[in-house]
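To start, the structure under review is shown below, and the notes come after it.
Laboratory data are not the source of any read-out in this text; all were calculated from the coordinates shown. Since this is a predicted model, take the numbers as computed values, not measurements. FYI the Cβ positions are ideal-geometry reconstructions off the backbone, even for glycines, and counts take in every protein chain you see.
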Protein chains: 2
Amino acid sequence: MSLNDEVDLLKKIPLFAKIEPSKLKLLAFTSERLTFQPGELLCRQGDPGDTAYIILDGRADVLVDTPGGQISVAKLGKNDLVGEMAILIDIPRTATVRAIGTVSTLAISKDLFFRMVTEFPQMGVEIMRELAHRLENTTAQLREARTRVS
Amino acid sequence: MSLNDEVDLLKKIPLFAKIEPSKLKLLAFTSERLTFQPGELLCRQGDPGDTAYIILDGRADVLVDTPGGQISVAKLGKNDLVGEMAILIDIPRTATVRAIGTVSTLAISKDLFFRMVTEFPQMGVEIMRELAHRLENTTAQLREARTRVS
């Protein structure tokens, strides 16, 4: 794929939508494409993690270990960002992510992640928004779970 | 308070710790000090919100409406950031925040918030980390609540 094709592809990812194409070239140069086969793990709950992934194509299952066994808590698809929690707060992976079919990703190392959000603050804003949305959803679920208990 | 005293005060807030003092002058100029009396509300659940607060001094109660009445879900103190969720994702306030004693805050408007995280990406990184921590805590509580239900 030519560099321009790669930049065109990155421009379509909402997280990068507001970044100038000239700057996306840096990302195209320094990020890595990783493909996972069906059933393969992008990450495993409890492992240390220093890579985030943007899903370019395919779907993946987010699995969490519970006392009753592993349960699926979410599905990920195109343009979803996963694995940034372990990068942001140095905690082990909070879930296992398993490729459903073939999953093509952009793998972003911890170093690159921090370089990107520093050089492209707009990307930082998009990630803050994404985290805020997830926090809002999780808080709503927690409220509901507690209402059922009480 | 002189501008230098104000910058010294801002430097002690972890969210701004990595921002150069020269840049903190912008913040000292453009942010507003707001003091809340005991019992006064910094924000009310359900209201629209376009201001975030950094608590400079004092403590506040985070209250959430439930079918069984209002419950306290957290306490906030010095250096805590509150109210940024409504700014980030344009949702109504997700909780009521009430001053316990006298609470002194730095009020940051939506415009200033986005200007700051764009000009000081390191502040964006700190906010991402804070949101990631909260998400991790809420997810852990949700896991525990669901384990009790099942």
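The packing ranking of peptides A:137-145, A:84-92, B:21-29, highest mean first, is A:84-92, A:137-145, B:21-29, where packing means the average number of other beta carbon atoms within 10 angstrom of each residue. What separates the Cα centres of the stretch B:48-102 and the stretch A:80-131 is a distance of 28 Å. Taken about its Cα centre, chain A carries a charge dipole of roughly 400 debye when the Cβ of each Lys and Arg holds +1 and the Cβ of each Asp and Glu holds -1. Summarising the label geometry, the points placed 7 Å from Cα in the beta-carbon direction at A:Asp90 and B:Ile89 lie 2.7 nm from one another.
State whether chain B is rounded, prolate or oblate according to the following rule on the C-alpha gyration tensor (a ≥ b ≥ c being the square roots of its eigenvalues): a/c under 1.5 gives rounded; otherwise a/b larger than b/c gives prolate, and the remaining case gives oblate. Prolate, because a/c is 1.5 or more and a/b exceeds b/c. Rounded to the nearest 10 degrees, the inclination of helix A:21-30 to the longest alpha-carbon principal axis of chain A is 70 degrees.
Compute the label-point distances linking B:Leu26 to its equivalents in the other copies; points lie 7 Å from Cα along Cα→Cβ; give nm, one decimal, shortest first. Label point to label point, same position, other copies: 1.8 nm.
Summed over qualifying helices (DSSP H, 4 residues or more, each -39500 (n - 2.57)) and divided by its residue number, chain B shows a 222 nm mean residue ellipticity of -13500 deg cm²/dmol.
Computed on the stretch A:19-103, with alpha-carbon pairs under 8 angstrom and 6+ residues apart, the relative contact order is 42 percent. Take A:Gly101, push a point 7 Å out from Cα through the beta-carbon direction, and compare it with the same point in every other copy: 6.2 nm, smallest first. A crude spin-label estimate for the pair B:Ala74 and A:Arg44, with each label 7 Å from Cα along the Cβ direction, gives 3.3 nm. Each Lys and Arg adds +1 at its Cβ and each Asp and Glu adds -1 at its Cβ; summed about the Cα centre, the protein assembly as shown shows a dipole of about 520 debye. As an exercise, use a Förster radius of 35 Å and the Cβ-Cβ distance of B:Thr118 and A:Thr102 to find the FRET efficiency, rounded to the nearest 0.05. Given R0 = 35 Å and the Cβ-Cβ separation, E is 0.40. The mean number of Cβ atoms from other chains found within 10 Å of a Cβ in peptide A:115-124 is 4, as a whole number.
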